[in-house]
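The values are calculated or read from the model by the stated rules, or taken from the named source; none is laboratory data. Being a predicted model, the structure only gives us computed values, none of them experimental. Cβ sites come from the backbone with ideal geometry, for glycine too, and all protein chains shown count toward neighbours.
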Amino acid sequence: MLDRLAAELLKRPRTGTLPSDVLVYGAGGMGRRVVQLLTRNGVKVHAVLDRHAVASAECEGVPLLQPGTAAATPPGGTWAVVVAIHNPAHRVADVVEHLRQLGFGPVLTPVDLCDALPGALQGGFWLAPRSVYQSCEPALADLGRMFHDNASLALLRGVLGLRLGGDYAQAPLPDPHQYVPADLPRWPNPLRLIDCGAFTGDTIEAFEEAGYSIEQALCFEPDPANYQALAARLRARGTRGMALPCAVSACAQTLRFSAEGAGSSHLQADGTTMVQALGLDEAFPAFAPNLLKMDIEGAEPEALDGAMGMIARHRPGLAISVYHRPEHLWTIPLSLGRRLDGYEFFLRAHSHNSFDLVLYARPHTPARASGALQ
(Lines give C-alpha, C1' and ligand atoms only; values in the text may rest on other atoms or scores of the structure.)
Protein backbone atom coordinates (compact mmCIF):
# COMPACT_ATOMS: atom_id res chain seq x y z
CA MET A 1 0.00 0.00 0.00
CA LEU A 2 2.81 2.41 0.85
CA ASP A 3 4.47 2.01 -2.56
CA ARG A 4 1.15 2.85 -4.24
CA LEU A 5 0.82 5.95 -2.05
CA ALA A 6 4.34 7.10 -2.94
CA ALA A 7 3.69 6.52 -6.64
CA GLU A 8 0.43 8.46 -6.46
CA LEU A 9 2.02 11.40 -4.66
CA LEU A 10 4.97 11.51 -7.02
CA LYS A 11 2.65 11.71 -10.03
CA ARG A 12 0.31 14.28 -8.53
CA PRO A 13 0.78 17.69 -10.20
CA ARG A 14 2.18 20.45 -8.02
CA THR A 15 2.58 24.10 -8.81
CA GLY A 16 5.94 24.97 -10.33
CA THR A 17 5.49 28.73 -10.22
CA LEU A 18 4.89 31.38 -7.59
CA PRO A 19 2.45 34.31 -7.73
CA SER A 20 4.00 37.59 -8.83
CA ASP A 21 3.14 39.24 -5.51
CA VAL A 22 2.68 37.70 -2.08
CA LEU A 23 2.69 38.21 1.65
CA VAL A 24 5.05 36.25 3.88
CA TYR A 25 3.96 34.81 7.22
CA GLY A 26 6.67 34.66 9.88
CA ALA A 27 9.30 37.28 10.75
CA GLY A 28 11.96 34.98 12.18
CA GLY A 29 15.15 33.84 10.51
CA MET A 30 13.24 31.73 7.99
CA GLY A 31 10.94 34.67 7.21
CA ARG A 32 13.85 37.00 6.50
CA ARG A 33 15.46 34.36 4.33
CA VAL A 34 12.24 33.83 2.36
CA VAL A 35 11.73 37.56 1.79
CA GLN A 36 15.25 37.82 0.39
CA LEU A 37 14.75 34.71 -1.74
CA LEU A 38 11.46 35.86 -3.22
CA THR A 39 12.77 39.35 -3.93
CA ARG A 40 15.81 37.96 -5.76
CA ASN A 41 13.47 35.87 -7.90
CA GLY A 42 11.27 38.78 -8.93
CA VAL A 43 8.37 38.19 -6.55
CA LYS A 44 6.95 41.30 -4.89
CA VAL A 45 6.58 40.92 -1.13
CA HIS A 46 3.96 43.43 0.04
CA ALA A 47 4.30 42.73 3.76
CA VAL A 48 5.38 40.23 6.37
CA LEU A 49 2.72 38.96 8.74
CA ASP A 50 3.59 38.12 12.31
CA ARG A 51 1.35 37.97 15.37
CA HIS A 52 4.00 39.81 17.41
CA ALA A 53 4.29 42.72 14.96
CA VAL A 54 4.26 46.26 16.39
CA ALA A 55 3.26 49.50 14.70
CA SER A 56 5.60 50.88 12.02
CA ALA A 57 7.89 47.84 12.20
CA GLU A 58 9.62 46.40 9.13
CA CYS A 59 11.20 43.10 8.12
CA GLU A 60 13.81 43.17 5.37
CA GLY A 61 12.53 46.58 4.28
CA VAL A 62 8.85 45.63 3.95
CA PRO A 63 6.03 46.43 6.42
CA LEU A 64 5.55 44.05 9.33
CA LEU A 65 1.84 43.57 10.12
CA GLN A 66 -0.31 41.51 12.44
CA PRO A 67 -2.61 39.12 10.57
CA GLY A 68 -6.27 39.97 11.05
CA THR A 69 -5.71 43.71 11.32
CA ALA A 70 -7.27 46.07 8.80
CA ALA A 71 -3.97 46.76 7.06
CA ALA A 72 -3.41 43.03 6.55
CA THR A 73 -6.96 42.16 5.45
CA PRO A 74 -6.96 40.57 1.98
CA PRO A 75 -9.17 42.26 -0.61
CA GLY A 76 -11.55 39.54 -1.76
CA GLY A 77 -9.21 36.78 -0.64
CA THR A 78 -6.76 37.52 -3.43
CA TRP A 79 -3.52 37.78 -1.47
CA ALA A 80 -1.29 34.75 -1.61
CA VAL A 81 0.71 34.00 1.54
CA VAL A 82 3.97 32.08 1.79
CA VAL A 83 4.29 30.47 5.22
CA ALA A 84 7.93 30.90 6.30
CA ILE A 85 7.98 28.51 9.26
CA HIS A 86 10.23 25.47 9.22
CA ASN A 87 10.96 24.27 12.74
CA PRO A 88 9.90 21.56 15.18
CA ALA A 89 7.99 23.79 17.59
CA HIS A 90 5.09 25.20 15.54
CA ARG A 91 2.55 23.05 13.70
CA VAL A 92 2.42 24.53 10.21
CA ALA A 93 -0.96 22.92 9.49
CA ASP A 94 -2.53 25.12 12.19
CA VAL A 95 -0.99 28.25 10.66
CA VAL A 96 -2.24 27.32 7.18
CA GLU A 97 -5.77 26.76 8.49
CA HIS A 98 -5.72 30.05 10.42
CA LEU A 99 -4.66 32.02 7.36
CA ARG A 100 -7.36 30.41 5.25
CA GLN A 101 -9.96 31.28 7.86
CA LEU A 102 -8.77 34.91 7.67
CA GLY A 103 -9.49 34.88 3.94
CA PHE A 104 -6.02 34.50 2.47
CA GLY A 105 -5.41 32.34 -0.53
CA PRO A 106 -3.64 30.52 -1.87
CA VAL A 107 -1.52 29.63 1.17
CA LEU A 108 1.88 28.26 0.15
CA THR A 109 4.23 26.33 2.42
CA PRO A 110 8.01 25.70 2.51
CA VAL A 111 7.40 22.48 0.56
CA ASP A 112 5.67 24.50 -2.19
CA LEU A 113 8.54 26.98 -2.17
CA CYS A 114 11.07 24.16 -2.61
CA ASP A 115 9.20 22.87 -5.64
CA ALA A 116 8.89 26.31 -7.20
CA LEU A 117 12.53 27.27 -6.56
CA PRO A 118 14.57 24.02 -6.46
CA GLY A 119 17.78 24.35 -4.50
CA ALA A 120 16.73 27.63 -2.92
CA LEU A 121 16.30 26.27 0.60
CA GLN A 122 19.17 23.81 0.74
CA GLY A 123 20.33 22.78 4.17
CA GLY A 124 16.84 22.89 5.64
CA PHE A 125 16.93 19.49 7.32
CA TRP A 126 14.46 17.23 5.46
CA LEU A 127 13.14 20.02 3.24
CA ALA A 128 13.69 19.31 -0.48
CA PRO A 129 11.90 19.58 -3.82
CA ARG A 130 9.84 16.58 -4.79
CA SER A 131 12.33 15.84 -7.58
CA VAL A 132 14.73 14.53 -4.91
CA TYR A 133 12.31 11.66 -4.36
CA GLN A 134 11.63 10.92 -8.03
CA SER A 135 14.47 8.45 -8.53
CA CYS A 136 13.93 6.88 -5.10
CA GLU A 137 10.45 5.42 -5.53
CA PRO A 138 11.75 1.80 -5.28
CA ALA A 139 13.62 2.67 -2.08
CA LEU A 140 10.46 4.16 -0.59
CA ALA A 141 8.60 0.95 -1.36
CA ASP A 142 11.37 -1.11 0.27
CA LEU A 143 11.23 1.20 3.28
CA GLY A 144 7.52 0.52 3.76
CA ARG A 145 8.20 -3.21 3.85
CA MET A 146 10.70 -2.78 6.72
CA PHE A 147 8.00 -1.82 9.22
CA HIS A 148 5.38 -4.26 10.47
CA ASP A 149 3.67 -2.23 13.18
CA ASN A 150 0.70 -0.09 12.20
CA ALA A 151 2.02 2.99 14.00
CA SER A 152 5.23 3.07 11.93
CA LEU A 153 3.35 2.56 8.67
CA ALA A 154 0.79 5.25 9.49
CA LEU A 155 3.52 7.66 10.48
CA LEU A 156 5.47 6.98 7.29
CA ARG A 157 2.35 7.60 5.19
CA GLY A 158 1.90 10.92 6.96
CA VAL A 159 5.52 11.92 6.42
CA LEU A 160 5.24 11.12 2.70
CA GLY A 161 1.95 13.00 2.52
CA LEU A 162 3.78 16.03 3.87
CA ARG A 163 7.02 15.79 1.92
CA LEU A 164 5.60 14.60 -1.40
CA GLY A 165 2.07 15.94 -1.31
CA GLY A 166 2.78 19.17 0.55
CA ASP A 167 -0.06 18.47 2.99
CA TYR A 168 1.12 19.58 6.43
CA ALA A 169 -2.12 18.32 7.96
CA GLN A 170 -0.83 14.79 7.34
CA ALA A 171 2.35 15.40 9.34
CA PRO A 172 2.33 13.04 12.35
CA LEU A 173 1.57 14.51 15.74
CA PRO A 174 4.61 14.23 18.01
CA ASP A 175 5.14 11.64 20.71
CA PRO A 176 6.62 13.68 23.59
CA HIS A 177 8.63 10.73 24.94
CA GLN A 178 11.67 10.88 22.69
CA TYR A 179 13.92 7.80 22.97
CA VAL A 180 11.46 6.17 25.40
CA PRO A 181 8.17 5.98 23.43
CA ALA A 182 5.47 4.48 25.60
CA ASP A 183 4.09 2.19 22.88
CA LEU A 184 7.39 0.33 22.39
CA PRO A 185 8.96 -2.19 24.79
CA ARG A 186 11.35 -0.70 27.30
CA TRP A 187 15.09 -0.80 26.77
CA PRO A 188 17.26 -3.08 28.93
CA ASN A 189 17.77 -1.78 32.44
CA PRO A 190 20.35 -0.80 33.60
CA LEU A 191 21.54 0.97 30.49
CA ARG A 192 25.01 0.79 29.02
CA LEU A 193 24.49 3.79 26.79
CA ILE A 194 26.47 5.47 24.04
CA ASP A 195 24.96 8.91 23.52
CA CYS A 196 26.22 10.55 20.31
CA GLY A 197 25.12 14.15 20.24
CA ALA A 198 24.61 14.33 24.00
CA PHE A 199 24.04 18.12 23.93
CA THR A 200 23.80 19.21 27.59
CA GLY A 201 22.81 15.82 29.01
CA ASP A 202 19.09 16.12 28.42
CA THR A 203 18.81 12.57 27.04
CA ILE A 204 20.60 11.08 30.06
CA GLU A 205 18.25 13.01 32.31
CA ALA A 206 15.20 11.81 30.35
CA PHE A 207 16.28 8.18 30.70
CA GLU A 208 16.84 8.54 34.44
CA GLU A 209 13.49 10.28 34.89
CA ALA A 210 11.84 7.43 32.95
CA GLY A 211 13.11 4.99 35.57
CA TYR A 212 16.33 3.77 33.97
CA SER A 213 19.57 3.26 35.85
CA ILE A 214 22.78 4.15 34.02
CA GLU A 215 25.38 1.43 34.47
CA GLN A 216 27.82 3.19 32.16
CA ALA A 217 27.51 6.00 29.63
CA LEU A 218 29.76 7.37 26.92
CA CYS A 219 28.49 10.85 26.02
CA PHE A 220 29.91 12.57 22.93
CA GLU A 221 29.43 16.33 22.50
CA PRO A 222 31.93 18.35 20.40
CA ASP A 223 30.42 21.82 20.92
CA PRO A 224 32.59 23.44 23.65
CA ALA A 225 29.75 25.26 25.43
CA ASN A 226 27.44 22.25 25.28
CA TYR A 227 30.23 19.98 26.50
CA GLN A 228 30.84 22.11 29.59
CA ALA A 229 27.13 21.99 30.45
CA LEU A 230 27.05 18.23 29.79
CA ALA A 231 30.02 17.48 32.03
CA ALA A 232 28.59 19.64 34.83
CA ARG A 233 25.21 17.94 34.54
CA LEU A 234 26.70 14.44 34.71
CA ARG A 235 28.71 15.41 37.80
CA ALA A 236 25.70 16.98 39.49
CA ARG A 237 23.54 13.91 38.84
CA GLY A 238 26.26 11.46 39.77
CA THR A 239 25.84 9.66 36.45
CA ARG A 240 28.33 6.85 35.89
CA GLY A 241 30.33 7.34 32.72
CA MET A 242 32.21 10.05 30.93
CA ALA A 243 31.64 13.05 28.70
CA LEU A 244 33.94 13.37 25.70
CA PRO A 245 34.42 16.63 23.77
CA CYS A 246 34.53 14.73 20.47
CA ALA A 247 32.45 14.15 17.37
CA VAL A 248 31.64 10.65 16.12
CA SER A 249 32.48 9.54 12.59
CA ALA A 250 33.69 6.55 10.58
CA CYS A 251 37.22 6.78 11.95
CA ALA A 252 39.56 9.00 13.95
CA GLN A 253 40.08 12.32 12.17
CA THR A 254 40.07 16.06 12.75
CA LEU A 255 37.04 17.80 11.26
CA ARG A 256 35.69 21.33 10.96
CA PHE A 257 32.71 22.16 13.11
CA SER A 258 30.16 24.94 13.46
CA ALA A 259 29.96 25.54 17.21
CA GLU A 260 26.74 27.40 17.96
CA GLY A 261 26.28 26.52 21.61
CA ALA A 262 22.96 24.93 20.69
CA GLY A 263 21.45 21.65 19.60
CA SER A 264 22.01 22.67 15.98
CA SER A 265 25.83 22.68 16.23
CA HIS A 266 27.18 20.44 13.49
CA LEU A 267 30.10 19.29 11.39
CA GLN A 268 30.59 21.72 8.52
CA ALA A 269 33.24 21.86 5.80
CA ASP A 270 33.88 25.57 6.40
CA GLY A 271 33.27 25.55 10.15
CA THR A 272 35.54 27.76 12.22
CA THR A 273 36.16 25.23 15.03
CA MET A 274 38.34 22.13 14.69
CA VAL A 275 37.16 19.05 16.59
CA GLN A 276 38.46 15.54 17.08
CA ALA A 277 36.19 12.84 15.68
CA LEU A 278 36.37 9.20 16.75
CA GLY A 279 35.13 5.94 15.27
CA LEU A 280 33.41 3.90 17.96
CA ASP A 281 34.89 0.59 16.79
CA GLU A 282 38.42 2.02 16.90
CA ALA A 283 38.18 4.04 20.09
CA PHE A 284 36.13 1.80 22.41
CA PRO A 285 36.42 -1.82 21.25
CA ALA A 286 35.80 -3.23 24.75
CA PHE A 287 32.69 -1.19 25.58
CA ALA A 288 29.55 -3.31 25.22
CA PRO A 289 26.52 -1.01 24.86
CA ASN A 290 22.95 -2.17 25.08
CA LEU A 291 21.69 1.12 23.60
CA LEU A 292 23.25 3.38 20.97
CA LYS A 293 21.64 6.77 20.35
CA MET A 294 22.65 9.16 17.58
CA ASP A 295 21.36 12.68 16.95
CA ILE A 296 24.36 14.30 15.31
CA GLU A 297 22.92 16.74 12.78
CA GLY A 298 23.34 14.69 9.61
CA ALA A 299 26.56 12.79 10.41
CA GLU A 300 24.68 9.61 11.36
CA PRO A 301 25.62 7.50 8.29
CA GLU A 302 29.36 7.99 8.78
CA ALA A 303 29.12 7.40 12.53
CA LEU A 304 27.17 4.18 11.96
CA ASP A 305 29.85 3.01 9.51
CA GLY A 306 32.37 3.42 12.31
CA ALA A 307 30.25 1.44 14.78
CA MET A 308 29.08 -1.59 12.78
CA GLY A 309 31.59 -3.93 14.41
CA MET A 310 30.38 -2.93 17.87
CA ILE A 311 26.74 -3.26 16.79
CA ALA A 312 27.33 -6.72 15.29
CA ARG A 313 29.16 -7.96 18.41
CA HIS A 314 26.90 -6.60 21.12
CA ARG A 315 23.55 -6.10 19.34
CA PRO A 316 22.46 -2.96 21.18
CA GLY A 317 19.16 -1.26 20.67
CA LEU A 318 19.43 1.69 18.29
CA ALA A 319 17.80 5.13 18.34
CA ILE A 320 18.95 6.97 15.22
CA SER A 321 17.72 10.35 13.95
CA VAL A 322 16.60 10.22 10.30
CA TYR A 323 15.39 13.77 9.60
CA HIS A 324 18.54 15.85 9.10
CA ARG A 325 18.74 15.13 5.36
CA PRO A 326 15.86 14.27 3.00
CA GLU A 327 17.37 10.94 1.96
CA HIS A 328 18.07 9.80 5.52
CA LEU A 329 14.41 8.79 5.76
CA TRP A 330 15.18 5.76 3.60
CA THR A 331 18.97 5.42 3.29
CA ILE A 332 19.67 4.92 7.00
CA PRO A 333 16.91 2.33 7.65
CA LEU A 334 17.63 0.39 4.43
CA SER A 335 21.37 0.36 5.13
CA LEU A 336 20.85 -0.97 8.65
CA GLY A 337 18.28 -3.47 7.39
CA ARG A 338 20.81 -4.89 4.93
CA ARG A 339 23.62 -5.11 7.47
CA LEU A 340 21.79 -6.34 10.57
CA ASP A 341 20.04 -9.66 11.09
CA GLY A 342 17.41 -10.28 13.73
CA TYR A 343 16.36 -6.67 14.30
CA GLU A 344 12.88 -5.14 14.27
CA PHE A 345 12.53 -1.54 13.08
CA PHE A 346 10.09 1.15 14.20
CA LEU A 347 9.60 4.81 13.27
CA ARG A 348 8.38 7.52 15.60
CA ALA A 349 8.13 11.35 15.37
CA HIS A 350 8.83 13.51 18.41
CA SER A 351 8.27 17.05 17.11
CA HIS A 352 5.97 18.81 14.67
CA ASN A 353 6.35 18.84 10.87
CA SER A 354 8.31 15.53 10.79
CA PHE A 355 11.24 16.89 12.80
CA ASP A 356 12.87 14.66 15.44
CA LEU A 357 12.04 11.59 13.40
CA VAL A 358 13.77 8.63 15.05
CA LEU A 359 14.40 5.12 13.76
CA TYR A 360 14.26 2.59 16.59
CA ALA A 361 15.86 -0.83 16.07
CA ARG A 362 15.50 -3.61 18.58
CA PRO A 363 17.30 -6.97 18.50
CA HIS A 364 15.29 -10.17 18.82
CA THR A 365 17.90 -11.65 21.14
CA PRO A 366 19.37 -10.00 24.28
CA ALA A 367 22.57 -7.97 24.10
CA ARG A 368 25.70 -9.56 25.51
CA ALA A 369 26.97 -8.95 29.02
CA SER A 370 28.50 -5.65 29.99
CA GLY A 371 32.04 -4.81 28.95
CA ALA A 372 34.53 -2.62 30.73
CA LEU A 373 34.76 1.07 29.95
CA GLN A 374 38.06 1.58 28.16
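Descriptive notes on the structure:
- Selection of region 61-86 for residues being in a loop (DSSP other than H, G, I, E, B), buried (at least 16 other Cβ atoms within 10 Å of the Cβ) and out of contact with any Lys or Arg (no Cβ under 8 Å at 6 or more places or on another chain) yields PRO74, TRP79, ILE85, HIS86.
- Residues within region 128-137 that are surrounded by fewer than 20 Cβ atoms within 10 Å (Cβ to Cβ) and of a type in the set (A, V, I, L, M, F, W, C), tallied: 2
- Given (1) surrounded by 15 or more Cβ atoms within 10 Å (Cβ to Cβ); (2) hydrophobic (A, V, I, L, M, F, W, C); (3) at pLDDT below 90; (4) assigned to a helix (DSSP H, G or I), number of the condition VAL35 does not satisfy: (3)
- Considering region 146-260, the qualifying helices (runs of 4 or more DSSP H), each wholly inside and each with 3 or more residues that are touching a residue at least 40 places away in the same chain (Cβ under 8 Å) and closer than 27 Å to GLU344 by Cβ, run over 150-163.
- Only a single criterion out of (1) touching a Lys or Arg at 6+ places or on another chain (Cβ under 9 Å); (2) assigned by TED's automatic domain parsing to the domain that holds ARG91; (3) in a loop (DSSP other than H, G, I, E, B) is not satisfied by VAL111, namely (3).
- Unmet criterion (only one of (1) of a type outside the set (D, E, K, R); (2) farther than 27 Å from LEU329 by Cα; (3) at pLDDT 95 or above) for CYS196: (2)
- Residue in region 123-130 that is part of a helix (DSSP H, G or I), more than 18 Å from TRP330 (Cβ to Cβ) and modelled with pLDDT under 90 present: no
- The sole residue among LEU99, LEU117, LEU23 that is in contact (Cβ under 8 Å) with a residue 60 or more places away in the chain and either in the same structural domain as HIS350 (by TED's automatic domain parsing) or within 30 Å of GLY298 (Cα to Cα) (or both) is LEU117.
- ARG145 being outside the structural domain of SER249 (by TED's automatic domain parsing), crowded, with 22+ Cβ neighbours inside 10 Å and of a type in the set (Lys, Arg): no
- When ASP50 is tested against the conditions (1) at pLDDT below 90; (2) under 25 Å from ALA120 (Cβ atoms), the lone failure is (1).
- Taking the listed residues ASP295, ASP270, ASP305, ASP281, the one that is in contact with a strand residue (DSSP E or B) (Cβ under 8 Å, 6 or more places away or on another chain), at pLDDT 80 or above and either assigned by TED's automatic domain parsing to the domain that holds PHE207 or under 26 Å from PHE355 (Cβ atoms) (or both) is ASP295, with no other qualifying.
- Where a residue in region 324-346 is under 11 Å from ALA139 (Cα atoms) and its partner, wherever it lies, is of a type in the set (Lys, Arg), with Cβ under 7 Å and at least six apart: none
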